[in-house]
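Here the structure is laid out as structure tokens; the discussion comes afterwards.
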């Protein structure tokens, strides 16, 4: 069976964090599915188009309503972008999926303001990181770190667009090993010393 990833997207999602995660995991052979998270209780048309934080429009693979609640994804990713992260953090369905994924000891990834979902989904206190703009909302409950990527059990968090590659590659490494990570890194031709 293929390794699978569910990546949330909403209006206001930070496009680099979404796209880099989706692209990097796909390069590693992970089957990615993006799920559009709508605002409020209105049903979302499918296909849904997210208008991201810098105006880039991305068509989601499916909608949150269409995601089987019993689906067992190997990794679930919550990207940032203030408005998108707020929508995800307020969604009960997103919180339920995060909690179910976390409790099943499967990987949960959060980047930038997406780390707010650790708070709203009631994850236990542990080391994590986020975009500096939301630190004060997280540092009372969690052991806040300034590292680019923080791994705490099956929770992987990161800081922002500039850390999206290390974040995504860390998830590849956790799921498929260091050799696969290096296999993915090679053809991407990062400047020496950056990754």
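The values are calculated or read from the model by the stated rules, or taken from the named source; none is laboratory data. Predicted model, so just to flag it, every value in this text is computed and none were measured. We place every Cβ from the backbone using ideal geometry, glycine too, and count neighbours over all the protein chains shown.
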Condition set assigned to a loop (DSSP other than H, G, I, E, B) and either modelled with pLDDT under 95 or in contact with a helix residue (DSSP H, G or I) (Cβ under 9 Å, 6 or more places away or on another chain) (or both), scope segment 125-138, selection farthest from residue 82 (Cα to Cα): answer is 126
message: Suppose the filter is in contact with a strand residue (DSSP E or B) (Cβ under 9 Å, 6 or more places away or on another chain) and within 23 Å of residue 15 (Cβ to Cβ); does residue 132 pass it?
response: no
**Request:** Determine whether segment 165-176 contains at least one residue that is assigned to a loop (DSSP other than H, G, I, E, B) and either closer than 16 Å to residue 18 by Cα or at pLDDT 95 or above (or both).
**Result:** no
Note on segment 146-182: residues free of Cβ contacts under 8 Å to residues at least 60 places away in the same chain and more than 18 Å from residue 111 (Cβ to Cβ) are 177, 178, 179, 182
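Give the residue, chosen from 93, 103, that is modelled with pLDDT of 95 or more, on the phi < 0 side of the Ramachandran plot and over 12 Å from the mean Cα position of the chain (by Cα).
Numbers: 93 fails: modelled with pLDDT of 95 or more.
After applying the criteria, what remains is 103.
Taking residue 79, is it loosely packed, with under 15 Cβ neighbours inside 10 Å and touching a residue at least 12 places away in the same chain (Cβ under 8 Å)? Steps first, please.
Values: loosely packed, with under 15 Cβ neighbours inside 10 Å: no; touching a residue at least 12 places away in the same chain (Cβ under 8 Å): yes.
In short, no.
Conditions (1) at pLDDT 95 or above; (2) closer than 30 Å to residue 186 by Cα; (3) surrounded by fewer than 18 Cβ atoms within 10 Å (Cβ to Cβ), marked per residue:
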position: 5; (1), (2), (3): yes, yes, no
position: 12; (1), (2), (3): yes, no, no
position: 17; (1), (2), (3): yes, yes, no
position: 24; (1), (2), (3): yes, yes, no
position: 27; (1), (2), (3): yes, yes, yes
position: 42; (1), (2), (3): no, no, yes
position: 53; (1), (2), (3): yes, yes, no
position: 59; (1), (2), (3): yes, yes, yes
